[in-house]
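Here is the structure we will look at, set down as structure tokens.
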2 protein chains.
Amino acid sequence: VEDWRDGEDWGKIPAADASDEHPMEREFHAWLASRLPASARVRVGVGDDAAILRWLEAQDVVVTTDAVTDQVDFRLPEIEPRQAGHKALGVNLSDLAAMAATPVAALVSLVLPRAGAGSRSAFDLAVELYEGMLPLAERFNLDIVGGDTNSWDGPLVISVTVIGRTTARGPLRRRGARVGDALLVTGSLGGSILGRHLQVTPRVVEALRLHENYELHAGIDISDGLALDASRLAEASGCGAALRLGSIPISPDAERLAASTGRTPVEHALGDGEDFELLFAAPREAAEAMVRDQSLGVSITKIGVVVERPGLWQFTDEDELHPLEPSGYEH
Amino acid sequence: VEDWRDGEDWGKIPAADASDEHPMEREFHAWLASRLPASARVRVGVGDDAAILRWLEAQDVVVTTDAVTDQVDFRLPEIEPRQAGHKALGVNLSDLAAMAATPVAALVSLVLPRAGAGSRSAFDLAVELYEGMLPLAERFNLDIVGGDTNSWDGPLVISVTVIGRTTARGPLRRRGARVGDALLVTGSLGGSILGRHLQVTPRVVEALRLHENYELHAGIDISDGLALDASRLAEASGCGAALRLGSIPISPDAERLAASTGRTPVEHALGDGEDFELLFAAPREAAEAMVRDQSLGVSITKIGVVVERPGLWQFTDEDELHPLEPSGYEH
């Protein structure tokens, strides 16, 4: 810890905005200003006290923030820093997708280990984190408009805020599911810890396309496991969720993982987190049309229905409802 | 460090959004949802995948983010956690003030030490941080609309993003100062490390009032010391800044500090950071009117002029320009 309270350091700038304190951070911001692509949407980008986004219509502003940290969300020595950058932005875009909002901009707050990581300096680490974010930003037409860069003696923290706008259809909420709605998921679930959790593919395009073409009642991204997130969507909607376990699309990762954990693949699909797929509630007819359609490039599978009785349920072979623990599995 | 990669932990949710993982964080979000005041501007607040702000006009969106951390921006054992919360939000509001933007909303990302702080649990710490932010939010008519709560084995990180809107006068930028403009500051400077740096009073109201009533050409908040921030404003405007050291309003803290550091009060006023006052460039007539006006509740002082020659300068007794080091002082 830099002892800025020492008498001899009084003259030093006490780091409010440590971005401006150290030559490394100054150099990094110069790099950043030259690296970030220009954008007509951005009236003021990096290099002033705040960024300004042109907002040409009275469209609601959608905002979400998520921090990822070394030792909790990844282990920096075991991955490429680009993967951490990708994940930090990806999980935020996944939240935006869950609202069926269009990405506009992101702000990035870095708290860097002063000594860098491995053989990389703090500067190189910061560059690599951005090099992990920038392709994702480009892919989803998002402008990174600035941020804050600090360094300290603790582990890496990446805090990202993403700003989007609602479409003409309005936002998709967790609430809004109705009794009789079908529950659908994109992709396949479980076992992301084998590596997929670092390769978040936020379902932004899928959410916008489905929201535009079909009647959707509610949506959530699956970040904490299907069981828990289905419970949340149901609870927010004042209903219950009943899943047909045999219909749940199982990721090959869940199969692989099950071979070593003694649990079943479906337990992993229900309980593992960080799939970053989407769970939707939609009227039965819309759901059938979506499942027939399958033009998204990612599968859409009906996995259950919204029921009146609050809670999380599974269908038995006799089509009766048995409780399903939101922790994710039931033997 | 929670060893979620251990085989026996496979079933655990790998914390993408650790906010949802632990009972503490669930409990905290319930507390937060009940504690945050309702607001007509907020269409969706805490409790969905993202927040939604009603944006009723095509007003540009101003965004800024700043993280503060234990051990760099404060020492948690030596302060009240409310002070850390206040500072985290205050420094962001100061950036918004520097753009002469109206505050709308804030998002807060907390990375909490798992064990809490001192005798406080992580839950109590999080509550106290918010109790430090909420009065400031209320005072500046800002809605806290959500965030992300994580815990880990590292020190406290508070990353705040503030969203505002431009007024009919547009934003105030760092660039825009013209040769011949007067340079003015609010309040008095130096010695904030004696405690004032924790009591940030963001000059939001002052900036908006001045921007509405007078012609301002450029502005910046003084976070890294007058000398450095004046250099930045000048550089962004393609000019130089010449200060009259005898005119700089010296904080009583700078006087007190000088007694023990062997430096002069004006050196502290120039070089210390975290004053969070505003520095403006304005045409001479507007500047004179502002200085005569003094109806803000905080003093406004003319401290220099914008000059053609790039760099930072001080006037000698003979009204000549001598270089002034941006590091903050010159003997």
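The values are calculated or read from the model by the stated rules, or taken from the named source; none is laboratory data. For clarity, every value in this text was computed on a predicted model and none was experimentally measured. Heads up, the Cβs are rebuilt from the backbone with ideal geometry, glycines too, and the neighbour counts pull from every protein chain shown. Areas reflect the complete protein model, heavy atoms only, side chains present, ligands, DNA and RNA absent. Shrake-Rupley method; radii C 1.70, N 1.55, O 1.52, S 1.80 Å.
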Roughly how tilted is helix B:23-35, in degrees to the nearest 10 and between 0 and 90, from the longest Cα axis of chain B?
60 degrees
Share of antiparallel DSSP beta bridges in segment B:225-331, in percent to the nearest 5?
65 percent
Sorted largest first, the Cα spans of chain A on the principal axes come out in Å as 77, 50, 33
Burial of 40 Å² or greater, segment B:221-241 residues [accessible area, probe 1.4 Å, versus chain by itself]:
B:Asp224
Find how much the distance from B:Asp293 to B:Asp153 grows on full extension, using 0.36 nm per residue of separation minus their present alpha carbon separation; answer in nm with one decimal.
45.2 nm
Under 15 Å from the Cβ of B:Arg169, count the other residues' Cβ atoms, weight Lys and Arg +1, Asp and Glu -1, and hand me the total.
-1
Can you list, shortest first in nanometers, how far A:Ala33 lies from the same residue in the other copies, with each label 7 Å from Cα toward Cβ?
4.4
If you find the alpha carbon centre of segment A:184-244 and of segment B:261-331, how far apart are they in angstrom?
56 Å
Angle between the Cα long axis of helix B:226-236 and the longest principal axis of chain B, 0 to 90 degrees, nearest 10?
80 degrees
Report relative contact order for segment B:245-309 in percent, whole number only (criteria: Cα-Cα under 8 Å, sequence separation at least 6).
38 percent
Tally the DSSP beta bridges in segment B:46-148 and give the antiparallel ones as a percent, rounded to 5.
10 percent
Give me the net charge for the shell around B:Gly240: Cβ to Cβ below 11 angstrom, other residues only, Lys and Arg +1, Asp and Glu -1.
-1
Round to a whole number: what % of the accessible area of segment A:97-240 belongs to carbon and sulfur, probe 1.4 Å?
44 percent
CD proxy, 222 nm, chain B: helix-only mean residue ellipticity via -39,500 (n - 2.57) per DSSP H run with n ≥ 4, per residue, nearest 500, stands at -9000 deg cm²/dmol
How much of the DSSP beta bridge set in chain B is antiparallel, as a percent to the nearest 5?
75 percent
In a GNM of chain B with a 10 Å cut-off on Cα contacts, which of B:Gly262, B:Gly271, B:Gly164 has the highest mean-square fluctuation?
B:Gly262
Going by accessible area, probe 1.4 Å, with all protein chains left in place, what is the ranking of A:Glu255, B:Glu131, largest first?
A:Glu255, B:Glu131
Do any residues of segment B:100-118 show a loss of at least 20 square angstrom of accessible area between the isolated chain and the full protein assembly, using a 1.4 Å probe, and if so which?
B:Leu107, B:Ser109, B:Val111
So if I average 1/r over every pair of distinct C-alpha atoms in the protein assembly as shown and take the inverse, what Kirkwood radius in Å does that give?
25.7 Å
Starting from a label point 7 Å past Cα on the Cβ side, list the distances from B:Asn141 to the same position in the other copies, nm, shortest first.
3.4
Taking 7 Å along the Cα-to-C-beta vector as the label spot, tell me the A:Glu138-A:Arg114 distance in nanometres, rounded to one decimal.
3.6 nm
Excluding ligands, DNA and RNA, what is the solvent-accessible area per residue of chain A at a probe of 1.4 Å, expressed in Å²?
36 Å²
Segment B:168-187: which residues show an accessible-area loss of 20 Å² or more, assembly versus chain alone, 1.4 Å probe?
B:Pro171, B:Arg173, B:Arg174
To the nearest 10 degrees, the tilt of helix B:252-261 (Cα long axis) against the first principal axis of the alpha carbons of chain B is 90 degrees
Which whole-number percent is the relative contact order of chain B (Cα, under 8 Å, 6+ apart)?
20 percent
Going 7 Å from the Cα of A:Ser247 in the Cα-to-Cβ direction, what parts of segment A:300-315 have a backbone nitrogen less than 11 Å from that spot?
A:301-306, A:315
Label points for B:Leu56 built 7 Å along Cα→Cβ; distances to same position in the other copies, nm, shortest first, come to 2.4
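May I ask you to give the percent of accessible area on segment B:254-331 that is carbon plus sulfur, with a probe radius of 1.4 Å?
49 percent
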At a probe radius of 1.4 Å, figure out the B/A buried accessible area, summed over both chains, and give it in Å² to the nearest 100.
7500 Å²
Quarter of the surface of the C-alpha convex hull for segment A:238-297, i.e. direction-averaged projected area in nm², equals 5.5 nm²
With every protein chain left in place, what is the accessible area of A:Tyr214 in Å² (1.4 Å probe, nearest 10)?
40 Å²
Checked segment B:187-267 with the C-alpha gyration tensor, a ≥ b ≥ c its square-rooted eigenvalues, rounded below a/c of 1.5, otherwise prolate if a/b is larger than b/c and oblate if not; verdict oblate
Multiply the residue separation of A:Leu56 and A:Arg41 by 0.36 nm, subtract the distance between their alpha-carbon atoms, and state the gained length in nm to one decimal.
4.5 nm
